[in-house]
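Q: Take a look at the following structure, please.
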Amino acid sequence: MSRKTAREQVFKLIYERCVEGEPNDFSLDLTLEKCDDNDALFIRKLYAGVNEKFEFLKRAIERYSKGFTFDRIFKIDCGLLMLAAYEILYIDDIPVAASVNEALELAKKYSTDKSVSFLNGVLASIAANKEQLSKEELEDDGSTEDN
């Protein structure tokens, strides 16, 4: 399985999380049955990371989706944005352009015609503000530890 295919599998799991409201370990297990060890590790890492950072990613996406709350965004687009935003913010060995391009390609396959430009705009804003978002997350983490 290629990284592109593995990423598509993670997108489907995240999409399911966006629809259902919580992660589904059964779906993850079914996905991993079809994978070799390297792909399984990559899929687990991405999926676990998105789930761990879900609320922060949701706030970041809402901030840059101009006029749309997360709940109003097409669920397929939510899944794509979550995956690409996680890669942009937390995985340094995946180039930002690769994360954005993969999300746009998946949008062309699974979403609407308007989604490509919407996703591109939101992800470009997240990438441009990566440093600020990282700083805010650190501040958020610090404030929850004090409580």
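The values are calculated or read from the model by the stated rules, or taken from the named source; none is laboratory data. Since we're looking at a predicted model, the values are computed, not measured. Cβ coordinates were reconstructed from backbone atoms using ideal geometry, including for glycine residues, and neighbour counts include every protein chain displayed. Note: areas computed on protein heavy atoms with side chains; ligands, DNA, RNA excluded. Shrake-Rupley method; radii C 1.70, N 1.55, O 1.52, S 1.80 Å.
Q: Restricting attention to segment 43-54, report how many residues are open to solvent by 20 Å² or more (accessible area, probe 1.4 Å) and in a helix (DSSP H, G or I).
A: Matching residues across segment 43-54 total 5.
Q: Within segment 55-83, can you find the residues that are among the hydrophobic types (A, V, I, L, M, F, W, C), touching a residue at least 40 places away in the same chain (Cβ under 8 Å) and part of a helix (DSSP H, G or I)?
A: 56, 60, 61, 76, 78, 80, 81, 82, 83
Q: Right, next: Could you check segment 90-102 and list, in sequence order, the residues that are touching a residue at least 24 places away in the same chain (Cβ under 8 Å) and farther than 16 Å from residue 42 by Cα?
A: 96, 100
Q: Return yes when residue 4 is touching a residue at least 12 places away in the same chain (Cβ under 8 Å), closer than 30 Å to residue 132 by Cβ, open to solvent by 80 Å² or more (accessible area, probe 1.4 Å) and in a helix (DSSP H, G or I) and no when it is not.
A: Against the criterion (touching a residue at least 12 places away in the same chain (Cβ under 8 Å), closer than 30 Å to residue 132 by Cβ, open to solvent by 80 Å² or more (accessible area, probe 1.4 Å) and in a helix (DSSP H, G or I)), residue 4 qualifies.
Q: Checking residue 92 against (1) under 20 Å from residue 130 (Cβ atoms); (2) part of a helix (DSSP H, G or I), only one condition comes out false. Which one?
A: (2)
Q: Identify the single condition in (1) under 23 Å from residue 15 (Cα atoms); (2) at pLDDT 95 or above that residue 112 does not satisfy, given that it satisfies every other one.
A: Only one criterion is unmet by residue 112, namely (2).
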